[in-house]
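Have a look at the structure below, then the notes.
No value in this document is a laboratory result; all are computed from the given coordinates. Quick caveat, the model's predicted, so the values are computed rather than measured. Note that each Cβ is placed from the backbone with ideal geometry, even for glycine, and that neighbours are counted across all protein chains shown.
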Amino acid sequence: PVRGGLNYREAHLAMEMLHDCGAVTSADVVEVNPLLDSTHGTAKLAVELISSLLGEKIL
């Protein structure tokens, strides 16, 4: 999290909107390093965001 950055719901909304417009044909996920993520929080968030990009709705 950074000041002025996206919150959890805004990030999911962005992924859902990208899915809904149908323009995304591929995605590259970066900055997920399991060795630095001892509680797996970043990895879980990455999976959730990718799921939203692929069409899963969180609400």
- Using alpha carbons only, how many degrees (0 to 90, rounded to 10) separate the axis of helix 41-53 from the longest principal axis of the chain? 10 degrees
- Kindly rank 8-15, 20-27 from highest to lowest mean number of other beta carbons found within 10 Å of each residue. 8-15, 20-27
- Message: For the chain, I need the span (max minus min coordinate) of the C-alpha atoms along each principal axis, in Å, sorted largest to smallest.
- Response: 34, 25, 19
- Hey, rough spin-label estimate for Glu48 and Cys21, points 7 angstrom out along Cα→Cβ, what's it come to in nanometres? 2.4 nm
